[in-house]
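Single-structure report; data block below.
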Amino acid sequence: MHDGSVTNAMSTPVLVRRALLLLVLAVAAGLAGGQSGFTVNQAIAASVFLSTILGTLLFWNLRLAIAFLGVAVLVLTHSLDLPSLVKATSLPVILFLAGMMVIVGALRDTGFFTWVVQSIVAMPRITGRKFISVTAVASALLACLVDEVTSIIFISALVFQVCERLKLNPAPYLITCVLCTNVGSAGTMMGNPVGIYIGSQAGLTFIDFILWAFPVMLLALAVTLGVTLLWYRRELDIFDERLADRLGRNLSLVPDIKVPHRQGVALLAVTLLAIASHHQLENLLGLETNSVLLITPLACAGCVMIWRHRRARFYIEREVDWWTLLFFMLLFAVAGTLEHVGLTHKMAHGFMSAFGTSPGALTPIIISTTGAGSAFVDNVVFVAAFSPVIRALSETMFGMPLWWAMLFGACFGGNITLIGSTANIVALGLLEKHGHIHITFWQWFKVGALSAVAAGAVAWGALHFTSPLMQRYAAARNWQTPGNSQVP
């Protein structure tokens with residue numbers, strides 16, 4: 001996800017020019033589709049989808065309005081009917097995210113994140129490399145448990161405190177943490193909205209993520225951390241010098257504050273335990289795959305609102321980002337229309353014609369494509385667009401590696417540019433607010449692109465070598481993408 005205030009500062013003439021440009025491009029895309037052999041509905045669906053993507057680039061703060069108009073055009077032109085609209089919005093995914101946002105709000109209230117920060121800084125025999133390594137890994141693991149934005153907000157507080165005490169530039173340390181946070185968000189379903197969306201679209205369970213995504217994430221995290229430690233080695237040497245001087249004067253890095261964190265730890269443990277056991281509960285109760293997974297955050301959030309009933313309305317009104325969730329719903333509907341009108345099968349056929357029908361050949365292409373796209377456009381947009389294509393590809397080949405490739409490409413690609421993920425933008429905003437430090441595009445790109453390429457290469461290699469094991473596992477589990485009859 002991205003954030004910004006471009007539209008707020010945009011003058012009326014600029015707004016009008018960009019709107020006309022968007023309209024011209026949308027009409028041109030529709031006409032080009034018609035000339036390419038698309039049906040009328042396929043041409044309209046492609047035009048609306050392209051308009052939605054371009055709209056998020058040209059009018060970020062107006063993206064929801066553009067999505068509203070896009071869905072209206074699809075329904076009025078018979079490109080999408082109401083039952084298909086409701087199905088394509090992926091309401092269970094939206095409710096999962098809303099429930100997790102309430103739980104994160106309660107964790108914040110109970111001091112859980114403050115306790116994590118205090119635990120990091122209290123580690124013995126601290127050095128610059130040890131500090132940034134532990135902090136970055138903690139940020140990545142927090143992203144797995146809650147989400148990337150919440151993780152970086154709390155970790156940044158620690159980075160600013162330590163760097164302020166040592167009179168250091170916090171940028172290298174915060175950038176390292178952000179890069180590792182984006183990598184960590186691929187480890188579980190909860191770390192990034194694309195995780196839970198891919199899980200629901202592909203029929204992948206929480207345990208599937210732990211078995212196949214989490215180990216790859218750890219390898220990519222180690223590589224990313226290694227790249228940043230090498231890149232910022234001079235800054236880390238200065239850290240050690242300043243730290244030795246401060247400790248030599250018997251001064252601590254940050255004040256030690258006791259935080260009552262046990263309620264937050266218990267809440268998170270119960271939530272994770274329920275999510276981790278969802279597949280067994282679904283088999284026991286005879287429910288559809290991921291049914292328990294998707295409603296567990298709602299059940300836990302309901303208990304939280306009863307437990308902290310004085311804060312219940314606050315959690316729903318302030319902690320849940322309804323603007324973003326509603327945009328996701330409409331975006332999923334627009335992307336789902338591509339599948340509804342049969343356009344994704346044409347796209348999948350073109351993919352196979354260009355790159356072959358082997359998952360091994362398609363995996364690096366998907367990682368590269370989604371990574372490059374996620375560097376400049378919201379990764380949810382790309383995943384929503386690619387999911388129907390991956391679903392169509394799964395009808396003719398073993399599709400599980402392709403789903404993982406899309407996940408890793410979307411999450412790791414966010415490291416390439418400073419607008420590649422919400423965590424990046426939040427961190428840059430904090431740097432400008434607290435440190436009055438501005439990071440240029442090229443300052444970020446050099447280290448971000450290098451770490452993203454390294455992490456993507458790790459993911460490609462891991463998927464290549466584990467594909468045979470994955471195929472046997474999928475056959476034993478009788479895995480298949482929902483809606484497809486193909487089983488490996």
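Any read-out appearing in this document is the output of simple, stated calculations on the displayed coordinates, not a laboratory observation. These numbers were taken from a predicted model, which means no experiment stands behind them. Quick reminder, even Gly has a Cβ in these numbers, built from the backbone with ideal geometry, and neighbours come from all protein chains shown.
Annotations for the structure displayed:
- Residues (among the aliphatic types (A, V, I, L, M) and either in a helix (DSSP H, G or I) or free of Cβ contacts under 8 Å to residues at least 12 places away in the same chain (or both)) located in the range 111-131: Val116, Val117, Ile120, Val121, Met123
- Any hit, the range 69-90, residues being within 23 Å of Ile425 (Cβ to Cβ) and touching a residue at least 40 places away in the same chain (Cβ under 8 Å): no
- Answer residue from the range 309-332, given it is part of a helix (DSSP H, G or I) and aliphatic (A, V, I, L, M) and is surrounded by the most Cβ atoms within 10 Å (Cβ to Cβ) among those: Leu331
- Every residue from the range 69-82 that is surrounded by fewer than 14 Cβ atoms within 10 Å (Cβ to Cβ) and within 28 Å of the chain's Cα centre (by Cα): Ala72
- Among the residues of the range 403-455, those identified as outside any helix (DSSP H, G or I) and not polar (S, T, N, Q) are Ile416, Leu418, Ile419, Gly420, His436, Ile437, His438, Ile439.
- Residues within the range 37-58 that are crowded, with 19+ Cβ neighbours inside 10 Å and not in a helix (DSSP H, G or I), tallied: 1
- Qualifying residue in the range 401-423 (condition: surrounded by fewer than 22 Cβ atoms within 10 Å (Cβ to Cβ), out of contact with any Gly (no Cβ under 6 Å at 6 or more places or on another chain) and of a type in the set (Ser, Thr, Tyr)): yes
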